[in-house]
Amino acid sequence: MGRTAEAWQSPPEIPGEDYISNAIYTDPDLFKEELEAVKKRTWKFACHESEIPNVNDFRRVNHAGVPLIVVRSDDGNIRSFINACSHRAALVVRELSGNARNWTCLFHHWCFDTRGNCIHIPRDEAYDKVGLCKEKLGLRVVRTQTRLGMVFVNLDDGAPPLDDYLGDALENLVPVMGDPERSLEVFHYSKTIVRANWKQWHETNMDPYHEYLHYVNRRVAMKGDGYHDRVWKIYSGAHATLSPMRQRYEAVKGWTSRNTMPMPGMMPDEFRTVKIFPDTNVLVRATVMRIDTSSPISPNETLVEWRGLGVKGESAEDRAMRTQHHNQFWGPFGRNLYEDAYAIECVDEANRGGGGAYSILARHEDMRTQDDGLLRAYYQEWGRLMGRPAHDPKRRLSNSLGASGL
Amino acid sequence: MSEREKIWDLVSQSCMHLDSEQYDSYLELLDDSYEYIISCFSPDLRKEMVLLQLNKNEMGTLLKNIHNHIHLPGKLFRQASLYSVERKPDDRYSAMSYVTVTYTNLDGVSAIFCVGRYHDDIAGRENGLRLMSRRFAMETRDIGTGCHYPI
């Protein structure tokens, strides 16, 4: 039986933690607030260190709408800066990546080295009268730390260190990404702007029962032994991992088992996944790894980036096989990726005009595969940072950490 | 028809059969040794990337499974312009075509989906010209949320 407008707009008669208000996807004020309270306060995966392997290699990234440069400086350390000239804020670096000992802003030729020092201002004596000098005009440093080859940035100078932020959340990735003899490198990078809220992309990574949507996942995963018996482990800060399982790639016509050349630390056909709050997801499908991350542009526009990783220095033949396995699922012409993005765009289309009111996160299965427990933990953490409950986001929590109280 | 016209006809048919989802007809244009690649250069990584690589059998399986997927609900139109033909020994040819693909969504709005070039190796067979290989060198790097179809 359909529901009246009043019934549709009324909160579900279930505990608050079991649902969320769809205003958290669409409300422009909440969006602005979460940029400050969530995105700019948490550690953000920026890139993999293999993308800047050499001294003076740099890479542009975007975080919460802020353009950044990530660079391996002349001392070998990885640093990040806001990509804005100290003079008039023009982009200092316009290339997407490259190698340079210093960067010269195109606008008035202010020049900076890869440690962020301002090293040249044309006719700088003109600033003597007001006491400005190069030493005071360096780039804005962004905190940067690396774990298992993943480079993270944080716009909050006062945030806890990355190790404290992650805790043990990456433990399942240590055998895969932490082998110094077999380090990883990015061989695939793609990005697009999805017409959906940034949290919805990450939700697709936290909710395995959306796999009903995917023709290949239904065959490879959902019919596999133990699929429903895996258990979520949720860490402090709403990072998470799902216990591994073997999947059946040969169940898709034309595909073969992934029982040769697994990634370091992986069993043949094994699947692992780690979720890093609030926007980064690592998936390992036996022979290949994907890292995806998102950056919000507006309440219903999200930049999503996907990286594929293989083993550094491997033969061309091995790389070709890994690339094929990557592309079967995750490339822009893969059998899986479009479907996730299309699904959340469908959600957004309904929510945008107020069609949707609440989303239900009420599956309880003892934290096994299809339990909504991770989504509930995610929105508990979101609510803690925002100082607002996700099921009633117009209400302020007492003793909140939210942006307005900072 | 001249050799160039025959090649133009082959390239055009390959586009039309994919557009109209006449996959058996498309597969008939392919030599048994067919190799298909979509590639593009990533300025982010400063590397060439392979985005799809299939032989004829794999192409056939992929095409016949598309209907099982939640896939783009609108229509792709592949428009190719033959720019160059080079004759090789043994009744072989290399051809290069500029390609523009448009997508028309369910609301009837059309937009450019991707652009690039076909680099085709073509051979004369008893039953006519056949595609030996096609590399779609895609200039576009952002094709939105993705695509189940070859280009």
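The values are calculated or read from the model by the stated rules, or taken from the named source; none is laboratory data. Quick caveat: nothing in here was measured; it's all calculated off a predicted structure. Neighbour counts run over all protein chains shown; Cβ positions are idealised from the backbone, glycine included.
Step by step: first the residues of the stretch A:189-242, then only those that are in a helix (DSSP H, G or I) and of a type in the set (S, T, N, Q), then the one that is modelled with the highest pLDDT. Which residue is that? Looking at the filtered set, the residue picked out is A:GLN200.
Screening the candidates B:TYR98, B:TYR34 for the property of being surrounded by fewer than 16 Cβ atoms within 10 Å (Cβ to Cβ), in a strand (DSSP E or B) and not small (Gly, Ala, Ser) yields one hit, B:TYR98.
For the stretch B:42-68, the set of residues classified as crowded, with 17+ Cβ neighbours inside 10 Å and part of a loop (DSSP other than H, G, I, E, B) consists of B:ASP44, B:LEU45, listed by residue number. Considering only residues that are more than 25 Å from A:GLY310 (Cβ to Cβ) and either without any contact (Cβ under 8 Å) to a residue 12 or more places away in the chain or within 14 Å of chain B (Cβ to nearest Cβ) (or both), which ones fall in the stretch A:213-232? If the condition is that a residue be more than 25 Å from A:GLY310 (Cβ to Cβ) and either without any contact (Cβ under 8 Å) to a residue 12 or more places away in the chain or within 14 Å of chain B (Cβ to nearest Cβ) (or both), then A:LEU213, A:TYR215, A:ARG218, A:MET222 are the ones that fit. Here B:SER39, B:SER81 are screened, and the one residue that is within 12 Å of chain A (Cβ to nearest Cβ) and either at pLDDT 95 or above or not in a loop (DSSP other than H, G, I, E, B) (or both) is B:SER39.
Of A:ILE14, A:ILE82, A:ILE20, all but one fail to be of a type outside the set (D, E, K, R), surrounded by fewer than 24 Cβ atoms within 10 Å (Cβ to Cβ) and within 23 Å of the chain's Cα centre (by Cα); the exception is A:ILE82.
When A:TYR189 is tested against (1) over 28 Å from A:LYS312 (Cβ atoms); (2) within 14 Å of chain B (Cβ to nearest Cβ); (3) in contact with an Asp or Glu (Cβ under 9 Å, 6 or more places away or on another chain), just one condition goes unmet, and that condition is (1). If the condition is being surrounded by fewer than 20 Cβ atoms within 10 Å (Cβ to Cβ) and more than 8 Å from chain B (Cβ to nearest Cβ), then the stretch A:337-346 contributes only A:CYS346. Could you count how many residues in the stretch A:79-128 are away from every other protein chain (no Cβ under 14 Å) and closer than 23 Å to A:PHE152 by Cα? Residues meeting the conditions: 18.
Pairs linking a residue in the stretch B:33-54 that is among the acidic types (Asp, Glu) to a residue that is buried (at least 18 other Cβ atoms within 10 Å of the Cβ), with Cβ atoms under 6 Å and 6 or more positions apart or on different chains, are B:GLU35/B:SER133; B:ASP44/A:SER97; B:ASP44/A:TYR189. Do the conditions hold for B:TYR93, that is, is it over 30 Å from A:LEU96 (Cβ atoms), of a type in the set (Phe, Trp, Tyr) and either within 19 Å of the chain's Cα centre (by Cα) or surrounded by 18 or more Cβ atoms within 10 Å (Cβ to Cβ) (or both)? Judged against the criteria, B:TYR93 is a match. For first residues located in the stretch A:121-147 and over 21 Å from A:PHE81 (Cα atoms), partners that are surrounded by 10 or more Cβ atoms within 10 Å (Cβ to Cβ) and lie 6+ apart or on another chain with Cβ distances below 6 Å form the pairs A:PRO122/A:HIS109.
Here's the yes/no breakdown for (1) over 22 Å from A:THR204 (Cβ atoms); (2) within 13 Å of chain B (Cβ to nearest Cβ); (3) surrounded by fewer than 21 Cβ atoms within 10 Å (Cβ to Cβ); (4) modelled with pLDDT of 95 or more:
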{"site": "A:THR256", "(1), (2), (3), (4)": "yes, yes, yes, no"}
{"site": "A:GLY265", "(1), (2), (3), (4)": "yes, no, yes, yes"}
{"site": "A:ILE276", "(1), (2), (3), (4)": "no, no, no, yes"}
{"site": "A:VAL282", "(1), (2), (3), (4)": "no, no, no, yes"}
{"site": "A:THR302", "(1), (2), (3), (4)": "no, yes, no, yes"}
{"site": "A:SER315", "(1), (2), (3), (4)": "yes, no, yes, yes"}
{"site": "A:MET321", "(1), (2), (3), (4)": "yes, yes, yes, yes"}
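Screening the candidates A:HIS391, A:HIS364 for the property of being in a loop (DSSP other than H, G, I, E, B), crowded, with 19+ Cβ neighbours inside 10 Å and either away from every other protein chain (no Cβ under 14 Å) or free of Cβ contacts under 8 Å to residues at least 12 places away in the same chain (or both) yields one hit, A:HIS391.
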